[in-house]
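What follows is a single structure, written as structure tokens, with notes after it.
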Amino acid sequence: MGLRQKITDSQFYRDLVQRRATGALRTYYDVPAADPTRPIMDTEFIALDLETTGLDPKRDEIVSLGWVIIRQLGVDFSSCEHILVRPTKELTESSVVVHRIFDSDVANAPNIKAALELLLPQMAGRVLISHHAPIELGFLGHACKRCFGAPLQIPTVDTLVLGLRDLHRQGQPFKSGALKLDNLRRSHNLPPFRPHNALSDAIAASGLFLAQVSKRDPKGVLELRRVLR
Amino acid sequence: MSIELEEIAEFLKQHHPFDLLPDDVIESLPKRLTARYFRAGTKVLSPEQQCLHLYIIRTGGTETRDPNGQLLARLSEGECFGVRAMFRKGRAANNITTLEDSLCYLLPEKDFHDLAGKYPQFNYFFAQMGGDRLRRGMQMIESRDDDQLKLMSVKVADLIARDLVSIDRSATILDAGKLMCDERVSCLLITQNGDEIAGIITDRDLRNRVIAQARSFDEPVTAIMTDKPISIHPDDYAFDALLTMTRNNIRHLPVLKDGKAVGMITTNNLLARQSLSAVYMAGKISKLNDPADMAKVIAQVPELLSHLIEAGATSQNAGHIVTTLSDAATVRLLQLAEEKLGPPPVPYVWMAGGSQGRQEQTAISDQDNCLILDDAYVEEAHGAYFKALAEFVCDGLNDVGYVFCPGDMMAKTTEWRQPAKVWQNYFNKWIEQPEPKALMLCSVWFDLRPIHGTKSLFDDLHRIIVSRAKDNRIFQAYLVGNAMTHHVPLGFFKNFVMIRGGEHDSTLDLKHNGVVPIVDLARIHALANGVDEVNTFDRLRAVKAFPSISTQGASDLLDAFEFISITRLKHQVRQIRQGHAPDNFLHPESLSAFERTHLKDAFSVIKNLQSALETAFGKSGT
């Protein structure tokens, strides 16, 4: 773990940014972060995926968010949410090709601030699950700074990192693409999934997470910090 | 509904009984589900554990065992467990363990009962499962209406519908007639000294022996009864009862236990509905005079087998039924031989060995048989008769479709047509001075079953085999050495090792690498422990009680044997359906992933128990 990340994950940093936060982010910070020494079984998670107009959090924007909550290591489908976000700029052709979200789709969608006001209460006190978390953290962090004046701090599990650790532990060279969400899922005998949108990817990551945890923690006693990134 | 939940709905729609629910209901279901993941070997539920959800398997597979460890069911994708708990106030009834990494969808108990309350078809499916389907487990013939199978799974005792109607032998014909009238029965048992059986009278006897003969009603009932009627034991299968009735052309069969009458069964009990092809085939064979005609009946065996398997027969059921037909052909040929050659000069018994002896025949079988003659046999005086008899029957069986044994293990070979004392010498030699090669050849003779003739001739020999083999460690070690020559087709990494090149390229030999090793294991444990059964299932069940094999090991081997045997039978049925000649060579790709995993498991069970065998009996020098 890099020094920078150590700092941004620390309680000190959290206290610092919390004071600057406004609105929904402030309320978010009022709920204490998930305790890394608690068992995973007792921790609640939110598997999240988002689609964007590009890969640069500074320049590009979020166009959709999908999430699902995990309680007691069960994916609760009743908590599924998928929301479109109206970007400030017109969508470019190259991004539309990727996520198939058109200007007409998002014309009446909430803007990013309204979307975050729906999402942040769901994230409070929970742990983020994402496949390749830097993207989610980068975009959400920038959006929070813009809308609520402070960055986002949330304990995070990256299923890609867990997958990488598993492959390293096996000590075998792995093929390119082995860390793709679908391939990792297949290695755990999970059903194939068709990536449709942010929610389908979030659900796919949640299933992979359950599998990765069950391999590490057959008795249900493992502490949260053992899977944090 | 969003697209990803639609996928869950699609999955449910493809699986029974969810497919019976209206579309809008299925589409509302995914939102109520929770997904959970269990890695292979996880105990998901155990008896009395709280279980507030119905588990639907999305991927993977599980095993259900009752609290005593008896295997009840194996479930795979789209099947449900935790059903019993739904009907037991949320307390699980059985042990559920994952066999593979499994993803399950959990439906809350309340939603389950809402659905069950609203949709009778949904409720019916699960009520049946919760009620008794799982309890009766693998051997249960699931909701399949095949009478033949019911007869195979039902014991005679279960068929006795009403209290026995009987009358003491001191009664008159009039008393008997009145009682039959009052009790509305078509036959009456005549007893003496309480419940000891003296005879039987039927409607037909009243017609033929009383009215037609103008006999006085005051005569004792003993005057018209049939003495010492043919009877059956309550533990016999209903199938055997029907067979006995067909063979003897009778319609009533008393059920006797320890010489006391406990009930009566009639053809009506058995033949309420439709034709029972195996029984009729056996009946037909027993009336034919020409092997060529019998061949036509036996030619339908593959067809019969595919019906049985499709109807969900276990391999033990199928083996029993198919063997019954070769027994029938053997008996009929012997009767014809005696008609042709005259009565035998000295008593004999015709014995079946190998798969016929074990009652494990399949669509393809050759003949293994021998003759045990009374010790009064004199070569010069009687040799020609028995040579002619054996040739008649062996040639006849060959014509019927049971081809000659390639090793000449047949009664037409002089060596295998000998008086009991010679047979005793044979077995003494095999057991006391075993030679590996000779043993391998004669293993078929350790699975003998009398088919026809004076069965007591075999009794003495049988006693000797069972008692000598039990005490001789060297003999056992040689048997073990022999058993080790059949390797299981599993590689170091639990991959299948397939046949390379030739006619059967990339296949597994289910007979020699699957069935035979288990048959060998069962035989060794049975002989070493003085168990006199010959059927492999019976042997394995019997040896559970002995220390040479663990109870778990014997249970696993039973499961493995059933799985490999049924896989082999299904393979043969598939070939028959496609118009090919059945064989034992299976392409693993023709199995589902789930079946392949089970097959590997079954092979590893054999491998483990082969190693355990070496430890238990020592390794021979072979």
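Nothing in this text is a laboratory measurement; each read-out follows from the coordinates by a stated rule. The shown structure was predicted, so the numbers you read here are calculated from the model rather than taken from an experiment. Neighbour counts are summed over all protein chains in view; Cβ atoms, including those assigned to glycine, are modelled from backbone coordinates with ideal geometry.
So for A:M123, B:M294, fewest C-beta neighbours within 10 Å to most, what's the order?
By the 10 Å Cβ count, ascending, the order reads A:M123, B:M294.
So who's got an amide H within less than 5 Å of the one on A:E44, skipping anything under 5 residues away but keeping other chains? H placed 1.01 Å off N, in plane.
For A:E44, whose amide H was placed from the backbone, the distant partners under 5 Å are A:V127.
For B:M484, B:M245, what ranking results if the residue with the fewest other Cβ atoms within 10 Å of its Cβ goes first?
B:M484, B:M245
Show me B:513-520, A:95-102 ranked by packing, highest mean number of other Cβ atoms within 10 Å first.
B:513-520, A:95-102
Residues with amide H under 5 Å of A:K180's amide H, sequence separation 5 or more or different chain, H placed in the peptide plane at 1.01 Å from N; which?
Excluding prolines and chain starts, which carry no amide H, there are no hits.
Rounded to the nearest 20 debye, what is the charge dipole size of the range B:416-556 about its Cα centre when +1 sits on each Lys and Arg Cβ and -1 on each Asp and Glu Cβ?
Values: 17 positive and 14 negative charges, 50 e Å.
The calculated dipole for the range B:416-556 is roughly 240 debye.
In whole Hz, what ³J(HN,Hα) sequence does the range A:197-209 give by Karplus (6.51, -1.76, 1.60; θ = phi - 60°), x for Gly and Pro?
Karplus-based 3J(HN,Hα) across the range A:197-209 equals 7, 4, 5, 4, 6, 5, 5, 4, 5, 5, x, 4, 4 Hz.
Given Cβ point charges of +1 (Lys, Arg) and -1 (Asp, Glu) and nothing else, what value in debye, to the nearest 20, does the dipole of the protein assembly as shown about its Cα centre take?
Magnitude of the dipole: close to 2600 debye.
Enumerate by residue number the GluC sites (Glu not before Pro) in the range A:2-101 meeting two conditions: DSSP loop (anything except H, G, I, E, B), and at most 13 other Cβ atoms within 10 Å of the site's Cβ.
A:E90
Once you average over the residues of A:178-191, how many Cβ atoms of partner chains fall within 10 Å of each Cβ?
Mean shielding by partner chains, rounded to a whole number: 3.
Between rounded, prolate and oblate, where does the range B:480-617 land on the alpha carbon gyration tensor, with a ≥ b ≥ c its root eigenvalues, rounded for a/c under 1.5, else prolate if a/b exceeds b/c?
In terms of gyration-tensor shape, prolate.
I need the phi-derived Karplus couplings for the range A:129-140: 6.51 cos²θ - 1.76 cosθ + 1.60, θ = phi - 60°, integer Hz, Gly and Pro marked x.
Couplings: 10, 8, 9, 6, 4, x, 5, 4, 4, x, 5, 5 Hz.
Under 16 Å Cα to Cα from A:K219, which aspartates and glutamates show up? Leave out anything in the same chain fewer than 8 places away.
Output for A:K219: A:D42, B:D101.
Give the shape of chain B as rounded, prolate or oblate, defined through the alpha-carbon gyration tensor: a ≥ b ≥ c are the square roots of its eigenvalues, a/c under 1.5 means rounded, and otherwise the shape is prolate if a/b is larger than b/c and oblate if not.
On the way: a/c = 2.06, a/b = 1.24, b/c = 1.66.
Oblate, because a/c is 1.5 or more while a/b does not exceed b/c.
Cα to Cα, under 18 Å, and not fewer than 8 places away if on the same chain: which lysines meet these conditions relative to B:K437?
The qualifying lysines are B:K429, B:K619.
Output wanted: per-residue J couplings in Hz (rounded whole) for the range B:92-106, from phi through Karplus 6.51 cos²θ - 1.76 cosθ + 1.60, θ = phi - 60°, x for Gly and Pro.
Each residue of the range B:92-106 in turn: 5, 9, 10, 8, 10, 10, 7, 8, 9, 4, 10, 9, 10, 9, 9 Hz.
Could you pull out every residue, at least 5 positions away or on a different chain, whose amide H is within less than 5 Å of the one on B:L45? Hs are placed 1.01 Å off N in the peptide plane, and Pro or chain starts have none.
Residues meeting the criterion, in which the H sits 1.01 Å from N, are B:I96.
Evaluate the Kirkwood expression for the hydrodynamic radius of the range B:9-58, namely the inverse of the mean inverse distance over all pairs of different C-alpha atoms, and round to one decimal in Å.
When all Cα pairs of the range B:9-58 are included, the Kirkwood radius is 12.8 Å.
Based only on the alpha carbon positions, what is the Kirkwood hydrodynamic radius of the protein assembly as shown, in angstrom?
32.5
Near A:K145, which lysines are there with a Cα under 18 Å away, not counting those fewer than 8 places off in the same chain?
Cross-link targets: A:K58, A:K113.
What do you get when you divide the Cα radius of gyration of chain A by 2.2 N^0.38 Å, with N the number of residues?
1.00
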